[in-house]
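Asks: Take a look at the following structure, please.
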Amino acid sequence: MRTPSLRAANERLVLECLSHGDASTRAELAASTSLTPQALGPILAGLIADGLVLERRRRSNGLGRPPTEYLLDPNGAMRALIVVRFSDVVVAVRDAADALVGVERTRHDAGGAQPTRLLRRAFRLLDQLIARSGRDPGRLSHVRIAIEGRVDTDRGVVHETPVWRARDTCVDEIARRLLPADVAVSVEGHAHALAASALDLARLDDGELAVIIQLNHDVHLYVASGGTLVTGRSGRTGDLAHLPVPGNDRRCECGKSGCLRTVSSGHAVVTAYEELTGERLPAAVDVIERVAARDPHAITAVRRSVDWLAVALAPLLGVLAPDRILLTGAVGASDSGGVAYLTEAIREAVERPDLPIEVVHPGFSTVDLTRALTA
């Protein structure tokens, strides 16, 4: 592992301990993180210098010199998340104490956005959100940009996305031109971001094997061991869009027939709803919103997608034999019955009626999505 990557991972580990209130002194942090007190010295010094952490003397109990304790600085650096989806952009900001500063959302032309123009609009929304909060915009330290599609997370390049037609767009380069030079930028796949956040919320035990099933624009399956999400360098790990499904004769845009994407994905949900009603909605999120309104055609469209998903996942889950299943994304749409169907099918496939299956983020609303991604 590269030294900067290791340092960043250790800093995040320390920040997580501080945010959860598990530890505050150097000795407590060492016990919670398995880092030595000597290794924690430069890490804490760097976090203090970056405006993320404060240090102070713990109140004395009358026995010796009280130890120094560390806590997150609520007025320290802020971080932002920009989620770019098929037809909308969600911007969320958290402060150094991990409190949500605010959330904003704006819609855009589905599938027809121009990358630079769309990002410029997103950053304006970010500036407005910070200004309304009364916070110092100079405290913004990191912007994560999560985009639906195929993303090279190392280079910040979006190879393919339903958001715009251009291929191989270097979002990292565009963002660095539009943001202040001292703001760190990271670009990731929206699916990867949601899976990673689901894993953070689930808090797996060491050695516990989990499978994260996600249904958004396409279908994704991630494997996690303990707190580690297994991914490839390109960020494409987990994409099941073109997995062949027995019994499916629909032709995919890739030229083949039977791909899972044609029957179980955001694209498939929109198509199913159109077949039932004759109305073409911009994106799956619009169908999900109608599920919440108890539209019977929307519920049927989601159930069809979930039924096909169960058929495709059965052999994979039988081989992996996970300790736990995490469901996230549109698969957790409220009141659609999809979760119940999928849960029953999974347990039957692996012949484990007591297999723990958890919906980490049951809604698909903007607020629920942002809470999951920024937690």
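Any read-out appearing in this document is the output of simple, stated calculations on the displayed coordinates, not a laboratory observation. Bear in mind that the values here come from a model prediction, so they are computed numbers and not experimental data. Because the Cβ atoms are built from the backbone with ideal geometry, glycine has one as well, and the counts that use them run over all protein chains shown.
Asks: If you average the sequence gap of Cα pairs under 8 Å that are 6 or more apart and divide by the length of the chain, what percent do you get for the contact order? Spell out each step's value before the answer.
Replies: Numbers: 726 pairs, mean separation 41.8, N = 375.
Dividing the mean separation by the residue count of the chain yields 11 percent.
Asks: What residues have an amide H closer than 5 Å to that of Asp218, excluding those fewer than 5 places away on the same chain, when H is modeled at 1.01 Å from N in the peptide plane?
Replies: Amide H to amide H, under 5 Å and 5 or more residues apart or across chains, Asp218 pairs with Gly266.
Asks: Through the Karplus equation 6.51 cos²θ - 1.76 cosθ + 1.60, θ set to phi - 60°, convert the phi angles of segment 164-180 into ³J(HN,Hα) values in whole Hz; use x for Gly and Pro.
Replies: Result, ordered by residue: 9, 7, 5, 9, 6, 8, 7, 5, 4, 5, 4, 5, 5, 6, 9, 9, x Hz.
Asks: Note the listed values (i) 23.7; (ii) 20.7; (iii) 22.7, then indicate which one is mean projected area of the Cα convex hull in nm² calculated from this particular structure.
Replies: (ii)
Asks: While we're looking at this one, here's another question. Once amide H atoms are built 1.01 Å from N in the peptide plane, which residues 5 or more positions from Thr25, or in another chain, come under 5 Å H to H?
Replies: Those lying under 5 Å, H to H, from Thr25 are Tyr70.
Asks: Could you calculate the contour length gain from Arg117 to Arg203, that is, 0.36 nm times the residue separation minus the distance between their Cα atoms, to one decimal place in nm?
Replies: Length gained between Arg117 and Arg203: 27.2 nm.
Asks: Sort 116-124, 344-352 by packing, meaning the average of other beta carbons within 10 Å per residue, with the highest value first.
Replies: 116-124, 344-352
Asks: If you count the DSSP beta bridges with both ends in the chain, what percent of them are antiparallel, to the nearest 5? Please list the in-between numbers first.
Replies: On the way: 36 of 58 bridges.
Bridges in the chain are about 60 percent antiparallel.
Asks: In nanometres, what is the gap between the two model label sites at Arg251 and His159, each 7 Å from Cα along Cα-to-Cβ?
Replies: Roughly 2.6 nm, to one decimal.
Asks: Return the long-range amide H neighbours of Ile145 (sequence gap of 5 or more, or a different chain), with a cut-off of under 5 Å between placed amide H atoms.
Replies: Under 5 Å from the amide H of Ile145: Ile82, Ser186, Val187, Glu188.
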